[in-house]
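Asks: The following block contains the structure, expressed as structure tokens.
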Amino acid sequence: MRNFFRVVLFAVAVVVVLNGFGVAHAEPERYDFPVFKPKREPVKLIFPKMPALSAKGEQDVRKKNEAKRKSIAALFQQYNKKLSDARAYEYAVFIMQASEKFGQDPFVIAAMVVNESSARHDAVSRGGDYGLMQVRWRVHQKKIRKKYPHIENAKDMLNPKDNVLVGTEIFSTYHATAEQDVKNAVMYYSAGNKRLVEKVFAVLSKLEKSYLEHLKNS
């Protein structure tokens, strides 16, 4: 009898264990990784545009350019007493325009003008150099005619605007050849005249002082 009860208890225990823990081959529950959903849109890279000059910035540029023009005009009248205010200012405008076109310092060009021709548009040297910047016609005439068809002969180089334009372009080529060294560029332009180079830099110093004075009083 005791053995019978033992068998029954053992059978019950087996059933309880199987029902409590489940069978070994039962399919386990499935767990997926959660889908990540960003709260914000991804940041887009935008290349910013260069900021435009403000009204104050444009005003400052105009003020500085006007101070440069006045400084150059005043310099020309110091070297050429016959030059009127209007004509001196006009020459200064030509220099500012040509310098901007060819990426040159207008003060350097102005200093060369007063040392080359004393700011006289009709200056002609014995060697055949013409105008404000004493452009050497016999050396550059082919290139000048090709690029500027309206300039047909040496006398046309006495036109102040054309002379400054051509002279500044010629200087810019020397400036590039000299690897942006202004002294060497002036040396090339003046055919190795060291004294002229010294004079040009002496005038540059005066122009800087004059410019600061005009800027202060504007």
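Just so you know, all these numbers are worked out from the coordinates, no wet-lab data involved. If you're wondering where the values come from, they're calculated on a predicted model, not measured in any experiment. All Cβ positions, glycine included, derive from the backbone under ideal geometry; neighbour counts span all protein chains shown.
Asks: What list of ³J(HN,Hα) couplings, whole Hz, do you get for segment 87-97 from phi and the Karplus terms 6.51, -1.76, 1.60, once you set θ to phi - 60° and write x for glycine and proline?
Replies: Coupling constants for segment 87-97: 5, 4, 5, 4, 4, 4, 5, 4, 5, 4, 5 Hz.
Asks: Okay, moving on. Consider just the alpha-carbon atoms of segment 60-217 and return their Rg together with their Dmax, both in angstrom.
Replies: 14.8, 46
Asks: Further question: How high is the FRET efficiency from Arg195 to Lys82, r the C-beta distance, R0 22 Å, rounded to 0.05?
Replies: 0.30
Asks: Pulled fully out, how much extra length does the chain show between Glu152 and Glu208, if you take 0.36 nm times their separation in residues and subtract their Cα-Cα distance?
Replies: The Glu152-Glu208 span can extend by a further 16.5 nm.
Asks: Just need log10 I(q)/I(0) for segment 70-156 at q = 0.10, 0.21 Å⁻¹, Debye formula, equal scatterers on the alpha-carbon atoms, no solvent, rounded to two decimals.
Replies: These q points yield log10 I(q)/I(0) values of -0.26, -1.06.
Asks: Once amide H atoms are placed 1.01 Å from N in the peptide plane, what residues at a sequence separation of 5 or more from Val135, or on another chain, have their amide H within under 5 Å of its amide H?
Replies: The answer is Tyr130.
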